[in-house]
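Have a look at the structure below before the remarks.
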Amino acid sequence: MITKTVIKDYVAKRCPYLVSLELEDKSLIALLKKSIDNQEKYRELAEEESDNDTDGDDTFDLYETLKDYPYLKKEIEEYEKTINRNPAERLIDQYNDNQLISKLSRDYFEDLYGKDHCARCDIDLDGNELLDQKEILGYTFRYINDPNIKVIFEGQVEVDGLRARFDILLKNDDDTYELIEVKGTNDVFVHPKKDKEIDNRIKDKYLYDLLFQYYVYKKAGYSIRELGFMFTNREYELGKLTYPVDRSELYKLFVIKREINLEEATLSLKRYFDEHLYINVPRSKEAKPTIEVILDDIDRIALDKEVYPKIQYECRKGPRCELIEMCFKDADSPNSIFRLTNWNLYGGNYLVTKDLINLGVTKISDIDPNPFPVLKKNGDHCSAYLQVEYQKKNIKEKYVISRRLIKEIIERDYLNNDIDYLLFFDFESFQYPIPLVEHSHPWKQIVSQYSMHVVRKDYDLTKHNFAKGRGGGISHYEYIANPDITKHENPSIELYKTLKRQLEECHIDPYASNYRVIVFNKNFEKTRMNEFAIDFIDLVDSNLIKFVDNFNNNVVDLLDFFTTGGIYCVDFNGRGSLKVVQPTLAADQDVLDFYNKKLPFDLTDSLDYHKGDKCLVYNGGICLDLYKSLIIRSHLNESNIGPSTQDLLNEALAYCKIDSWGTVIIYDIIKSIYLGELKIDAKEV
């Protein structure tokens, strides 16, 4: 049976082997279990490769898949029960509503048409969830033929080996229908930079989703008069303070788009599909295949008795395929083409990786950098080029460093005579499909927490007490909003007020230029601060805006040491996130020997998230999901149920402290190399 899941993976992953497995329902349960096991890995890869051009979500959409195969749901639920989760993860699971947008979309139409004129096909008359495909088909047929029902939710149609499940089907008085696909995102359309009012392309995964449904319903004899996407309005701001959203606000929360705006015309989605205009793709030389071509290809795959894995870039492209290690045993080897950096900052480029794979290159050691100038973006210092050189065994030392580049950066941004303080800083934020706090929008990043180590120029690590966060010219400060106290208030305002006050406690003039704010990969922090100045200019004192602007202007990026080729380690394997750089440097034996001789605390322990042991929050995904869950729990007045809010907030603070502390250690390692105090196994270029 060909479903939306099969179509989506054919389009996004282009893998005949994966498609062949999905066509056999018995193979799906193994794939779904594997996707659950690998969710943490997907999240980490997405964080590390955030500079990449990817069309996929950062994790596998398990719940959308289960909509196509509801009978697998119970088995998956039983499997998830076997996974050991700590109290923070259990709380996240409890308040993690993956079907929130679907529920709210149904509320929208029930208010519009009246509840008595709406019906769901995936529940029986007693409200019990249906897991049998035939029963869902039966209810769909029943409601389509019921003159009293005007809006049908979660139904499906089967014809000629095709099964299409719809989100919303509207019945018109002339025996025609309107098909509406609900998306929990506001990025269904790709906007050209020059004119954001023009939608010049529907993202592939959404285009073929709706196109497949349209094709199946027409083939089954249903006359579709209109097509549309329903998604969250990026400009919606919380009005009436309820959770999730008051019904009176739903018409402002959602946008229903039934047309696409092209440079030359505005067309209905139906006409856009009917005239096959979707095959002409702006900014691409390749025409997209029609749905008929795709279905013919899938039919051929189904008839082929032996389908084998095909190595291609899509194996890696997010969300990373669940089968990659099964298909290619060396996929995670440092020499695998899948490990070649994609970060443009590091000389990588996903198109280069794709071209190399198309040329039959599967090992980094087989790459000839000369035809690909991007791989030598910074000459011999480029991380992508160094990856190649290491795998060709042309470099024997563990590190490659450029003392010239290290000197240039450190004297400009850290040891400048005009700088008295270094503030090692790390934000944590959350986002949600709907606003959870005031003055926010769907999917808006809201900063709720930070950790900051204030370091004087004359600091001395040997006199620092890490547990207390004091001593040796280093002081630790932090903030996290408590949802039980702030409720619907936007935490950003109090966060910046607290930050300003803490600087003043350190006798630092918040508006001065004698301090630097040290972050790792500055894009995130600087973007959040720029947004604050725009979003809150009419809501807070102008002095606070002025402070945030000055704080932002003082930001420098610790990542510069690595993107420019100042320092590279073979164990980075082309990656450059904080979660790679910090533990790699800190685990080096020369580094450990150097610090263990002088520190009054265990360096390794101070940088350890203690996954599964002492720390309930051990990665960024848990940190942000936990905070969202605490907000929702507070809105529902359930804070007295389960672990205390303050205990969980303390866990989030401990996680964030290690992140900012990690940047202190990275800097100190680089400074010690610069001063000639720390000797490492390095080739100097």
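Structure notes:
- Between the Cα long axis of helix 25-37 and the first principal axis of the chain there is an angle of about 20°, rounded to the nearest 10.
- Counting only residues at least eight positions apart within a chain, or on another chain, the lysines with an alpha carbon under 16 Å from that of residue 522 are 579.
- A cut-off under 13 angstrom between Cβ atoms defines the neighbours of residue 487, and their net charge, with Lys, Arg +1 and Asp, Glu -1, is -3.
- A simple charge model with +1 on the Cβ of Lys and Arg, -1 on the Cβ of Asp and Glu and nothing else charged puts the dipole of the stretch 405-680 at about 180 debye relative to its Cα centre.
- Across all Cα pairs in the stretch 333-395, the calculated P(r) in 10 Å bins from zero up to the longest distance comes to 26, 64, 11 percent per bin.
- Simple Cβ-charge dipole of the chain, Lys/Arg +1 and Asp/Glu -1, about Cα centre, in debye nearest 20: 1340
- Measuring nothing but how far apart in sequence close Cα pairs (under 8 Å, 6+ apart) lie, relative to its length, the chain scores a relative contact order of 14 percent.
- Dipole moment magnitude, nearest 20 debye, the stretch 103-284 about Cα centre, only Lys, Arg, Asp, Glu C-beta charged: 520
- Peptides 332-338, 69-75, ordered by how many other C-beta atoms sit within 10 Å of their residues on average, highest first, read 332-338, 69-75.
- Charge sum, other residues only, whose C-beta stays under 13 Å from residue 607's C-beta, Lys/Arg counted +1 and Asp/Glu -1: -3
- Farthest towards the positive end of the charge dipole of the chain, among the residues 108, 491, 147, is the Cα of 491, using unit charges on the Cβ of Lys, Arg, Asp and Glu.
- Shape class for the stretch 64-140, computed from the alpha carbon gyration tensor (a ≥ b ≥ c): oblate, with a/c not under 1.5 and a/b at or below b/c.
- Over all other residues within a Cβ to Cβ distance under 11 Å of residue 650, the charged ones net out to -2, with Lys and Arg as +1 and Asp and Glu as -1.
- Value of D in µm² per second that Stokes-Einstein yields for the chain, Kirkwood Rh from Cα pairs, at 4 °C (1.567 mPa s): 47
- Global form of the stretch 173-275, assessed from the alpha-carbon gyration tensor, a/c cut-off 1.5: oblate
- Note on the stretch 405-680: Cα convex hull, mean projected area over all directions, 14.9 nm².
- Sorting 120, 575, 142, 300 by the number of Cβ atoms found within 10 Å of their own Cβ, with the fewest placed first, yields 300, 142, 120, 575.
- Restricting the stretch 185-256 to trypsin sites (Lys or Arg not before Pro) that sit in a DSSP loop and have at most 14 other Cβ atoms within 10 Å of their own Cβ leaves 193, 194, 196, 234, 240.
- Over the residues of the chain, the helix contribution to mean residue ellipticity at 222 nm works out to -12000 deg cm²/dmol, using -39500 (n - 2.57) for each DSSP H run of at least 4.
- Put in order of Cβ neighbour count within 10 Å, fewest first, the listed residues 3, 564, 341 become 564, 3, 341.
- Folded to 0 to 90 degrees: helix 542-553 orientation relative to the chain principal axis, Cα: 70
- For the stretch 103-284: rounded, prolate or oblate by the Cα gyration tensor [a/c cutoff 1.5]: oblate
- Relative to the longest principal axis of the Cα atoms of the chain, the long axis of helix 100-113 lies at roughly 40 degrees.
- Exposure proxy ranking, count of Cβ atoms within 10 Å, fewest first, for 507, 453, 441: 507, 441, 453
Laboratory data are not the source of any read-out in this text; all were calculated from the coordinates shown. Computed from a predicted structure; not experimentally measured. In this analysis, Cβ positions are derived from the backbone assuming ideal geometry, glycine residues included, and neighbour counts consider all displayed protein chains.
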